[in-house]
Amino acid sequence: MKTWLYVVIGGAIGTGLRFGINLLLKPDTNTSFPLSTLAINITGCLLIGLAFAYIKKITPSEQLLFAFFTTGVLGGFTTFSAYAVETVQLFEARKGGIAIIYMLLTNTFGLMAAWLGYNLHKVLS
């Protein structure tokens, strides 16, 4: 029950951060490139890669903090569902080229960011 509560609180924080970034960037996926979701998801991939690199080093008492940050904050912050819907909206708006670029950038840079984050701990340690 305690872990669940930490994840819920972290999710609220992550979701609030994502919403705030979207307000600042004012995305309109029907007419423009969904930059805010791309930036959020790539940043989340980098941070979760870094977090999972450190999972081998955390103690049992740090498991709550790990669940809070990864499943909670980063789970609430990143958004595959918005990425999927924005892609569909771009195709429906006859912006297939932008949709394909968005898909390629999200997947390519998301994987690269996760790899970078996962390997960054070697430099930071």
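The values are calculated or read from the model by the stated rules, or taken from the named source; none is laboratory data. Because the structure is predicted, anything quoted here is derived from the model rather than measured. Positions of Cβ are backbone-derived with ideal geometry, glycine not excepted, and every protein chain shown enters the neighbour counts.
Computed values, structure above
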| item | result |
| --- | --- |
| Selected residue (criterion: nearest to TYR54 (Cα to Cα)) from residues of segment 106-115 that are of a type outside the set (Ser, Thr, Tyr) and buried (at least 16 other Cβ atoms within 10 Å of the Cβ) | ALA114 |
| Sole residue being touching a Phe, Trp or Tyr at 6+ places or on another chain (Cβ under 9 Å) and surrounded by 18 or more Cβ atoms within 10 Å (Cβ to Cβ), chosen from PHE52, PHE33, PHE77 | PHE33 |
| Filter result (of a type in the set (Val, Ile, Thr), in a helix (DSSP H, G or I) and either more than 19 Å from TYR118 (Cα to Cα) or in contact with a strand residue (DSSP E or B) (Cβ under 9 Å, 6 or more places away or on another chain) (or both)) within segment 31-44 | THR37 |
| Near pairs, Cβ below 6 angstrom, 6+ apart or cross-chain, from segment 33-62 (of a type outside the set (A, V, I, L, M, F, W, C)) to any residue that is not in a helix (DSSP H, G or I) | PRO34/PRO27; SER36/PRO27; ASN41/THR78; GLY44/THR78 |
| Total residues in segment 3-30, condition modelled with pLDDT of 90 or more and either surrounded by fewer than 18 Cβ atoms within 10 Å (Cβ to Cβ) or more than 17 Å from GLY117 (Cβ to Cβ) (or both) | 18 |
| Of all residues making up segment 82-125, the number that are in contact (Cβ under 8 Å) with a residue 24 or more places away in the chain and of a type in the set (Gly, Ala, Ser) | 6 |
| Within segment 45-101, considering residues that are under 20 Å from the mean Cα position of the chain (by Cα) and in a loop (DSSP other than H, G, I, E, B), the one nearest to VAL7 (Cα to Cα) | THR78 |
| Residue match in segment 94-102 (condition: within 27 Å of LEU120 (Cβ to Cβ), exposed (fewer than 15 other Cβ atoms within 10 Å of the Cβ) and modelled with pLDDT of 95 or more) | yes |
